[in-house]
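To start, the structure itself, in structure tokens.
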Amino acid sequence: MSGQPQLPLSAPSFGEEEAQAVADVVRSQWLTMGPVTAEFEKEFSAYVGSTHGIMASSCTAALHLAFAALGLGAGDEVIVPSLTFVATANAVAYTGATPVFADIVSVEHPLLDPAAVEAAIGPNTKAVCAVHYAGYVCDMAALRDICDRRGLALVEDAAHAPGATSPQGPAGSLGDLACFSFFSNKNLVTGEGGMVTTDDETLAKKMRLLRAHGMTATSWDRERGHASGYDVIERGYNYRPSELEAALGRVQLAKVPDLTARRRELIGMYRTAVERMPEVGVMPFTAEADAMSSCHIMPLVTPSAEAKEALRAAAAAAGIQTSVHYQPVHTFQVFQPQPALPVTEEYYAREVTLPLYPAMADADVERVLAMLAALPAPAATTGR
Ligand SMILES: Cc1ncc(COP(=O)(O)O)c(C=O)c1O
């Protein structure tokens with residue numbers, strides 16, 4: 001062990017303001033989906049430049065609401081990247097539809113490849129789900145063009161992307177629907193929680209119904225005397241968020257610009273240093289793209305699977321937490337059988353995620369860089 005404290009992969013940025021906001025909700029005695037949720041929905045949707053915001057109990061729930069509102073069911077297909085968290089594909093499957101996995105562009109640009117999407121379209125394709133991996137927005141102009149030409153819905157999985165933007169506008173304003181995560185390791189943290197944004201009023205209404213059991217009035221409507229009874233007009237779910245989460249969300253949202261600026265600064269430090277040690281690997285994306293990204297995680301593509309394992313072992317010995325984003329979803333047992341996705345598989349074989357969070361000191365980044373600089377030189381390739 002290094003003798004230094006463990007350097008975590010990520011950490012939330014909470015202050016007294018968050019504690020106060022939660023205490024205020026507790027004192028109000030109304031803990032479930034109510035006025036604070038409504039305020040957070042308005043503020044969040046305005047922030048991403050979308051008309052409607054529907055908060056849900058998680059991003060997984062938000063994705064399910066989005067796919068359900070699109071009317072997906074058995075026999076339908078949705079094209080998704082495999083380089084994502086399993087929730088993207090599971091949420092498609094919850095509706096009875098089938099996720100169809102498409103490859104990423106390259107290991108240097110690990111985002112859903114529009115050409116692979118086009119090639120995966122078949123007679124049953126109904127939608128495409130673009131994952132803004134690591135907080136870098138997919139090529140939404142190309143995906144929008146494909147979806148418009150082929151009559152498909154376009155959904156953003158923007159779990160990593162509050163604060164991310166693109167030449168076409170902010171993440172959350174680019175698809176027909178967009179889903180965000182506020183899980184504990186995300187850029188905007190409420191513990192559990194998610195949000196769907198959309199400009200489509202019909203879809204928004206449908207998701208509000210499905211979020212709360214398909215009931216025509218919520219308990220908050222009844223509390224305020226706006227309704228005395230209710231009907232159930234859809235087979236809905238309990239995907240209600242809590243007011244505690246929404247209160248955290250409002251405080252965190254106000255911090256997103258500053259927190260994102262710090263994330264970009266830290267990514268800039270990593271990028272400058274890694275460019276000077278090409279033997280340890282390459283950082284995907286570019287400095288220009290960093291400036292528009294929410295910089296959710298710090299991926300490094302090592303030269304080989306062996307180099308990846310050596311790096312992870314050295315980091316563990318130095319008390320530096322690492323992870324891998326992601327084990328490709330198409331390799332999981334529950335989705336078998338699946339065709340190979342060579343670029344996604346190569347990326348997974350070589351990718352390591354290094355610590356990144358706004359409270360990281362410059363000295364913490366330097367500690368990670370020192371560990372990288374001390375890695376043994378890769379063994380000379382002998383050829384076969
Ligand atoms: C790309 C992606 N999609 C969806 C999710 C699901 O988010 P949640 O944990 O809020 O359900 C995550 C969370 O890890 C994610 O990274």
Open item on the list: Could you go through the stretch 326-337 and let me know if any residue there is within 21 Å of R264 (Cβ to Cβ) and away from the ligand (no atom under 16 Å from the Cβ).
Closed with: no
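So in the stretch 199-253, with the set limited to residues that are among the polar types (S, T, N, Q) and either more than 23 Å from T51 (Cβ to Cβ) or under 27 Å from the mean Cα position of the chain (by Cα) (or both), which one is surrounded by the most Cβ atoms within 10 Å (Cβ to Cβ)?
Our first condition is that a residue be among the polar types (S, T, N, Q); within the stretch 199-253, this holds for 202, 216, 218-219, 228, 238, 242, 252.
Now narrow it down to the ones that are either more than 23 Å from T51 (Cβ to Cβ) or under 27 Å from the mean Cα position of the chain (by Cα) (or both): 202, 219, 228, 238, 242, 252.
Values: T202: 9, S219: 16, S228: 8, N238: 9, S242: 21, Q252: 25.
For the stretch 199-253, the residue satisfying everything is Q252.
When the residues of the stretch 74-100 are narrowed to those that are among the polar types (S, T, N, Q) and more than 20 Å from the chain's Cα centre (by Cα), which ends up farthest from A127 (Cα to Cα)? Can you show your working first?
Let us first name the residues in the stretch 74-100 that are among the polar types (S, T, N, Q), namely 82, 84, 88, 90, 95, 98.
Adding the requirement that they be more than 20 Å from the chain's Cα centre (by Cα) leaves 95, 98.
Details: T95: 13, T98: 11 Å.
Here the residue is T95.
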Task: The lone exception for C147 - which of (1) free of Cβ contacts under 8 Å to residues at least 60 places away in the same chain; (2) within 16 Å of the ligand (Cβ to nearest atom); (3) under 20 Å from G71 (Cα atoms); (4) crowded, with 21+ Cβ neighbours inside 10 Å it fails - done: (2)
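What are the residues in the stretch 255-302 that are outside any helix (DSSP H, G or I) and in contact with a strand residue (DSSP E or B) (Cβ under 9 Å, 6 or more places away or on another chain), if any? Before you say what the answer is, go through the steps one by one.
In the first step, residues of the stretch 255-302 are kept if they are outside any helix (DSSP H, G or I); the result is 276-277, 281-286, 291-302.
Matches in the stretch 255-302: G281, V282, M283, P284, F285, I297, M298, P299, L300, V301, T302.
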Open item on the list: Yes or no: the stretch 43-50 includes at least one residue that is surrounded by fewer than 22 Cβ atoms within 10 Å (Cβ to Cβ), at pLDDT 95 or above and more than 20 Å from the chain's Cα centre (by Cα).
Closed with: no
Task: Whichever residue in the stretch 346-367 is under 20 Å from the mean Cα position of the chain (by Cα) and part of a helix (DSSP H, G or I) and, among such residues, is farthest from A87 (Cα to Cα) - done: Y347
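Can you go through R240, R264, R276 and tell me which one is of a type outside the set (G, A, S) and farther than 23 Å from H109 by Cα?
R240
Could you tell me whether any residue of the stretch 112-126 is among the hydroxyl-bearing types (S, T, Y), within 13 Å of the ligand (Cβ to nearest atom) and either surrounded by fewer than 23 Cβ atoms within 10 Å (Cβ to Cβ) or assigned by TED's automatic domain parsing to the domain that holds T197 (or both)?
Residues of the stretch 112-126 that are among the hydroxyl-bearing types (S, T, Y), as a first pass: 125.
Checking which are within 13 Å of the ligand (Cβ to nearest atom) leaves us with none.
There is no residue in the stretch 112-126 that is among the hydroxyl-bearing types (S, T, Y), within 13 Å of the ligand (Cβ to nearest atom) and either surrounded by fewer than 23 Cβ atoms within 10 Å (Cβ to Cβ) or assigned by TED's automatic domain parsing to the domain that holds T197 (or both).
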Task: Complete set of residues in the stretch 287-305 that are touching a residue at least 24 places away in the same chain (Cβ under 8 Å) and more than 20 Å from the chain's Cα centre (by Cα) - done: T302, P303, S304, A305
- [ ] Among residues belonging to the stretch 170-185 that are buried (at least 24 other Cβ atoms within 10 Å of the Cβ) and near the ligand (Cβ under 10 Å from one of its atoms), point out the one that is nearest to L70 (Cα to Cα).
- [x] C179
Open item on the list: Can you tell me which of (1) in a loop (DSSP other than H, G, I, E, B); (2) touching a residue at least 40 places away in the same chain (Cβ under 8 Å); (3) among the hydrophobic types (A, V, I, L, M, F, W, C) is the one V343 doesn't meet?
Closed with: (1)
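The values are calculated or read from the model by the stated rules, or taken from the named source; none is laboratory data. The structure displayed is predicted, hence computed values, not measured ones. Glycine also receives a Cβ, built like all others from the backbone with ideal geometry; neighbour counts cover every protein chain displayed.
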